[in-house]
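First comes the structure, then the notes that go with it.
Readers should treat all values here as calculations from the given coordinates under stated rules, not as data from a laboratory. Values in this document were obtained by computation on a predicted structure and should not be read as measured data. Note that each Cβ is placed from the backbone with ideal geometry, even for glycine, and that neighbours are counted across all protein chains shown.
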Amino acid sequence: MRHLAIVSLLLLVPAGANAQRPKYTLNNSTQEGLLLQMASQESDDAKKLGLYEEYFAKYPKHEGMAYACGQAAPLYLKAGQFDKVIGAAERGLAVDPLNAPLAYNALQACEQKKDVACIKTWSQRTVDSAKQAAAQKKPESDTAVESWKNEVDFATQVQERADYSLYAAGLQATDNSMVVEMYETLAARNEKSQYLPQFANRYLVALLQTNQTAKAVALAEKEAAAGRAGEDLLLVAAEGAMGANQFEKARDYSNTIIERMTKQPAPQGVDAAAWENKRKTALGRAYWIAGISEGNLSRYPESDKMMRAALPLIESNKDLLPGAYFYLGLANFKMAEGPKGDKTKMADARKYTTLCSQIPGPFQALAQKNLAVMGAARK
């Protein structure tokens, strides 16, 4: 995946790889500078950190603070001292807010802590620092151009990596409200993020499980319009359109599902039996929605065809069967009525309407009325 390549590249960029920000040159003629020089020359990480911590304690307002934090943070990260990474980032960014590598160290610490709130905060702070760093003007000095290019390149890459952090945190979250928050934070920050389409199905599930139907339908329609919607999103779009009496849209979404799921083999790595079960479930619901939509568009032969295709796939679904029976009864009655109607359809019209009239639910009373009309039509 692309994000793994980004991570590898970022890890090769040293924490101090920046150009147009406040710089500090080690000066061993001062106590502060001497302590920092000793730390930079120390080969043992634990002793090195001890020297930086001595510096932090003694000289909290020294001009080398951002430099020292930038050196200490990766060592804290390596040692698993994640809160200290974040503390170093806080101190360093207070002096040097464009220090994207330092902010990124804090983001990595949050990820290793598996602290979703922390990831959200430092993902944004990393992006804020990176955007400012990337916006710096090209220096006039030729000697500074290469360093400026490295910093701008890092700042550009780290913004994408910060997007990935929200995506990964959302996928790993077990709390649906947190999934929703991570997706919506990413969407608000970067609506063109490559991770949003990959995140969409998990977000959809979280929305449906938290009864945020309007958001789920809006997501499904957006992804469908962009040509990125899979069968789950298309079903939500179809159901949303049907619920809004937009029957042509509902039919078109359903037909897309039918076309795909009729031909599509099991994806690689997916259990064949599980895929077949999902395929039949999706097809059954798509045929059912298409049947209702065609019926409401007065396209009765098409409604009959779709509902007959749905029946064997939904025979155990007590929620869908009454609607299927009702529209089969209606479609066959409409095809049979009138001087030019196909009278052979009337038997099926009564059969399916009778089945519907025997099932309690929203279609029962309508079916009973239709039966009365069919009885009168027979006389």
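Translational diffusion of the chain, estimated by Stokes-Einstein from the Kirkwood radius over alpha carbon pairs at 37 °C in a medium of 0.692 mPa s, is 130 µm² per second. The lysine pair tally for region 220-315, using Cα distances under 21 Å and a gap of 8 or more places or different chains, is 6.
Rounded to the nearest 10 degrees, the angle from helix 82-95 to the longest Cα principal axis of the chain is 70 degrees. For Lys131, the aspartates and glutamates whose Cα falls under 15 Å of its own Cα, not counting residues fewer than eight places away in the same chain, are Asp96, Glu151, Asp153, Glu160, Asp163.
Here the average projected area of the convex hull drawn through the C-alpha atoms of region 220-315 stands at 6.1 nm².
Charge dipole of the chain (Cα centre as origin; +1 on each Lys and Arg Cβ, -1 on each Asp and Glu Cβ, all else neutral): 1820 debye, rounded to the nearest 20. Pairwise over distinct Cα atoms, reciprocal of the mean inverse distance: report the Kirkwood radius of region 142-261 in Å, one decimal place. Result for region 142-261 stands at 15.9 Å. When the chain is treated as a Gaussian network with alpha carbon springs shorter than 10 Å, the biggest mean-square fluctuation among Leu34, Leu51, Leu107 belongs to Leu34. Here region 187-228 is assigned +1 on the Cβ of each Lys and Arg and -1 on the Cβ of each Asp and Glu. Its dipole about the Cα centre then comes out at about 120 debye. Kirkwood analysis of the Cα pair distances in region 318-379 returns a hydrodynamic radius of 11.3 Å.
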